[in-house]
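Everything on this sheet refers to the single structure shown next.
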Amino acid sequence: MTIASFTQLICFSILSITLVLGALGVVLLPNIVYSAFLLGGVFLSVAGLYLLLNASFVAAAQVLVYVGAVNVLILFAIMLVNKKENLAAVPGLPLRRVLSGLVCGGLLALLIRVAFTTPWALPGPSPVGEEATIRIGEHLFSDYLLPFELASVLLLMAMIGAIVLARRDVFSSDIVTGAPVDQGLIEKARTPLLVQNPVQEPVR
Amino acid sequence: MVITTDCLLAAPIVTTLAAVPPGLDLEASFEAAFQGFGLSPGAAHLLWLPLPMLLVLVAAVVGVLVNVWLERKISAAVQQRIGPEYAGALGVLQPIADGLKLLFKEDVIPARADGLLFTLGPVLVLIPVILSWLVVPFGQHLLISNVGIGIFLWISLSSIQPIGLLMSGYASNNKYSLLGGLRAAAQSISYEIPLALAVLAVVMMSNSLSTVDIVNQQSGAGILSWNIWRQPVGFVIFWICALAECERLPFDLPEAEEELVAGYQTEYSGMKFALFYLGSYINLVLSALLVSVLYLGGWGFPLPVEWLAGWLHQPIDAPLVQLITASVGIVMTVLKAYLLVFLAILLRWTTPRVRIDQLLDLGWKFLLPIALVNLLVTAALKLAFPAVFGG
């Protein structure tokens, strides 16, 4: 075993263990903030696995998109609404846990079976390495052009939807229910910086 | 269409690679020397690997010390004071005294804070910044690793930092810390997009993400071929965004003293505070280095060293000439970076802080459209004048 393959094995083991334990922690930990931070760790170890597969561009894109944007937004949302209140107990929680555990176990068994029965082509195609950026660009603008454009349309729709949801004060009636929107509740009248007639202080 | 773009992409890369002189390659010489002692190539490479990493780490820390001293002296000069003068000549030992003070301070973890996240936060802030030094070139072969995704690696690594800030802000269990962390994350997300778009325009001109290729593309005619003349708008956008990402003063909202005590750093003391301090200054030097790489010709001398060697009738490949050109390259990179650091410090002590809504408005409603237009204009110019704009 050469030094390179030994290092690769160590890195792969560490990354895989972090990935599996982190993913279990995301699902099982009761504290939602810990789950969100662990999710970032999971994304980072996935990026590390991409790096081991010689896909450095995909790894960097994974870090930028999933860690830098998705995970930060999740954390942001959690911290903006983080009220310390206990959630109401769901009836039949143990039964639900057992059921969801069974579903997850079944899914895992199915995936393992697929992984073992599929005739994987080994070794796969040789990694393109540094050429990957050019190759991805070519694919995006030739045979994957339609999915690429559709994804951008989807993002545009999501953005417009977010604006409509966030700026309901623009409409006088709610576009979903048709009920009148109380503008005063949503956008408070700005308090003047300088009070015109200051309250006279009582003379002692 | 695919074939033509492919040719467009491939042709300049080949020409730049062919036109560039080999330059000083310490790695090759080192490994050749150790293989001469009878070591295998793998073992020689293993011996070489830690050296540039250690060197760059030391350079980054020394850069921070210089930076702290400059900050103290320049702020003193701006405010017509003298500044530190008793610790060493001109107070050069003052940053070391600062560092020692932080080292000996008690490491306090607040009683109701979350100890694990509280410790992990500063580490997560510092590590991506140090990792980004991987792609900073000081010469043709004088960098840790010429990875193909170069500048993109820096952009993606710098997006990890807000997680550390959010973590320390949340774990401190303090409303000012939480607000500071949230502000830092919002600011970082907002300014990353125009920053990436400005970098994209440069990348489009040099047909490569690699920092070495970006510098080589600017090395044709000395100062005249630097990217700042072709990308003046991009330069300004990048500089503003870099200052915002470093949380330097016109944009240091996350730690605004008057509003938030010290933002996410409020509860920190001792070495954990020092990690934040180190991180912010290493980030400043890094940003300045990358501005000089992207827009100011990197290690290039204002007159191309090849011309100078030609006028002096020296072969560019001679060992002594290579040594001199490599030293000139390092000096030029550091000089340009520290001129930009000087500008940043001067900005810090002369400009007032913007408000948080002004900051976000500037990022989203001004810099983002301008950066998009800049990208579009660069693409059009590249198609129209491929000779000048690196077609």
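For the pair A and B, the buried accessible area comes to roughly 2300 Å² in total, with a 1.4 Å probe and the value rounded to the nearest 100.
Output the relative contact order of the range A:1-144, whole-number percent, from Cα pairs under 8 angstrom with separation of 6+ residues.
Working: 75 pairs, mean separation 29.5, N = 144.
Reported relative contact order: 20 percent.
Compute the distance from the alpha-carbon center of the range B:125-162 to that of the range B:258-321, in whole Å. Going from one Cα centre to the other spans 12 Å. Which residue, A:Ile74, B:Leu343, A:Ala89, has the largest displacement toward the positive end of the dipole of the protein assembly as shown when charges sit on each Cβ (Lys, Arg +1; Asp, Glu -1)? Final value for the positive-end residue is A:Ala89. In percent, how large is the relative contact order of the range B:182-271, given Cα pairs closer than 8 Å and 6 or more residues apart? Reported relative contact order: 31 percent.
Annotated for chain B: lysine pairs at least 8 residues apart or interchain, Cα distance under 23 Å, count 5. Any idea what angle helix B:232-245 forms with the longest principal axis of chain B, computed on alpha-carbon atoms, 0 to 90 degrees, nearest 10? Relative to chain B, helix B:232-245 is tipped by roughly 40 degrees.
Using only Cα atoms, tell me the angle between helix B:2-19 and the longest principal axis of chain B; keep it within 0 to 90° and round to the nearest 10. It works out to around 80 degrees.
If you build a Gaussian network model of chain B, linking Cα atoms that sit under 10 Å apart, which residue out of B:Lys73, B:Lys365, B:Lys272 swings the most? Highest fluctuation among the options: B:Lys365. Each peptide in A:21-30, B:61-70 gets a packing score, the mean of other Cβ atoms within 10 Å over its residues, and the list from highest to lowest is B:61-70, A:21-30. When chain B is treated as a GNM with alpha-carbon contacts under 10 Å, the residue of B:Ser287, B:Ser168, B:Ser327 showing the greatest mean-square fluctuation is B:Ser327. Here the scattering of the protein assembly as shown is modelled by Debye summation over its C-alpha atoms, one equal scatterer each and no solvent; at q = 0.06, 0.07, 0.12 Å⁻¹ the log10 of I(q)/I(0) is -0.39, -0.53, -1.50.
When N is the residue count of chain B, what does its C-alpha Rg come to as a fraction of 2.2 N^0.38 Å?
Details: Rg = 22.4 Å, N = 391, 2.2 N^0.38 = 21.3 Å.
Here the Cα radius of gyration is 1.05 times the empirical estimate.
Simple rule: put +1 on each Lys or Arg Cβ and -1 on each Asp or Glu Cβ in the protein assembly as shown, find the dipole, and look at A:Ile32, B:Val293, B:Ala221; the Cα lying farthest toward the positive end is A:Ile32. With the simple model of a label 7 Å out from the Cα in the direction of the Cβ, B:Ile316 to B:Thr350 spans 3.8 nm. Could you tell me the distance between the Cα centroids of the range B:163-183 and the range B:332-391, to the nearest Å? So the separation of the two Cα centres works out to 28 Å. Counts of other chain beta carbons within 10 angstrom of each beta carbon in peptide A:137-145 average 2.
Quick one: accessible area per residue over the range A:8-82, 1.4 Å probe, rounded to a whole number of Å²? It would help to have the intermediate numbers written out before the result.
Details: 3860 Å² over 75 residues.
In whole numbers, the range A:8-82 has 52 Å² accessible per residue.
Given R0 = 35 Å, the distance between the Cβ atoms of B:Ala28 and B:Ala221 translates into a calculated FRET efficiency of 0.75. Since only B:Ala201, B:Ala171, B:Phe152 are under comparison, the one whose Cα sits farthest along the positive direction of the charge dipole of the protein assembly as shown, derived from C-beta charges on Lys, Arg, Asp and Glu, is B:Ala171.
Can you list, largest first and rounded to whole Å, the semi-axes you get for the range A:128-167 by taking the square root of 5 times each eigenvalue of its Cα gyration tensor? Largest first, the range A:128-167 gives 31, 11, 5 Å. Comparing B:Ser132, B:Ser280, B:Ser75 in a Gaussian network model of chain B, where Cα atoms under 10 Å apart are tied by springs, the biggest mean-square fluctuation is seen for B:Ser75. Projecting label points 7 angstrom from Cα along Cα→Cβ for A:Leu28 and A:Thr117 puts them 2.9 nm apart.
For peptide A:62-74, what's the mean number of Cβ atoms from other chains within 10 Å of each residue's Cβ? Walk me through the numbers before you get to the answer.
Details: counts 1, 9, 10, 2, 1, 7, 13, 5, 0, 5, 12, 2, 0.
That works out to 5 on average.
Excluding B:Met167 itself, calculate the net charge of residues whose Cβ lies under 14 Å from the Cβ of B:Met167, where each Lys or Arg counts +1 and each Asp or Glu counts -1. Let's see the in-between values first.
On the way: positive: B:Lys272; negative: B:Asp114, B:Glu267.
Computed value for this residue: -1.
Apply 1/(1 + (r/R0)^6) to the Cβ-Cβ distance of A:Val81 and B:Leu375, taking R0 = 35 Å, and write down the FRET efficiency to the nearest 0.05.
On the way: r = 36 Å, r/R0 = 1.02.
Plugging the Cβ-Cβ distance into 1/(1 + (r/R0)^6) gives 0.50.
Is there a quick way to get the dipole size of chain B? I mean about its Cα centre, with the Cβ of Lys and Arg at +1 and of Asp and Glu at -1; what is the value in debye to the nearest 20?
Values: 17 positive and 24 negative charges, 116 e Å.
Dipole magnitude for chain B comes out near 560 debye.
Taking the helices alone, the protein assembly as shown has a mean residue ellipticity at 222 nm of -21000 deg cm²/dmol, built from -39,500 (n - 2.57) per DSSP H run of at least 4 residues and averaged over all its residues.
Please average, across the residues of B:142-155, the number of beta carbons from any other chain that are within 10 Å of each residue's own beta carbon, and give a whole number.
Numbers: counts 0, 0, 0, 0, 1, 4, 8, 9, 1, 0, 7, 6, 1, 4.
Per residue, the number of nearby Cβ atoms from other chains is 3 on average.
Counting only C-alpha contacts under 8 Å and six or more residues apart, can you give the relative contact order of chain B as a whole percent? Value for chain B: 22 percent.
Within the set of other residues whose C-beta is less than 15 Å from the C-beta of B:Arg353, count the net charge using Lys and Arg as +1 and Asp and Glu as -1.
Values: positive: B:Arg183, B:Arg248, B:Arg348, B:Arg355; negative: B:Glu247, B:Asp252, B:Glu255, B:Glu257, B:Glu258, B:Glu259, B:Asp357, B:Asp361.
Net of charged neighbours comes to -4.
Take the range A:8-82, compute every pairwise Cα distance, and split them into 5 Å bins from 0; I just need the percent in each bin. Going from the shortest bin to the longest, the percentages are 3, 18, 23, 23, 17, 9, 5, 1, 0.
Separation of the range B:236-253 and the range A:91-152, taken as the distance between their Cα centroids, equals 39 angstrom.
Please give the helix B:161-171 orientation as an angle from the longest Cα principal axis of chain B, in degrees from 0 to 90, rounded to the nearest 10. Compared with the principal axis, the helix lies near 10 degrees.
The values are calculated or read from the model by the stated rules, or taken from the named source; none is laboratory data. None of these values were measured; they are calculated from a predicted model. Using ideal geometry, Cβ is built from the backbone for each residue, glycine included, and neighbour counts are taken over all protein chains shown. Calculation scope for accessible area: heavy atoms of the full protein, side chains included, ligands and nucleic acids excluded. Shrake-Rupley method; radii C 1.70, N 1.55, O 1.52, S 1.80 Å.
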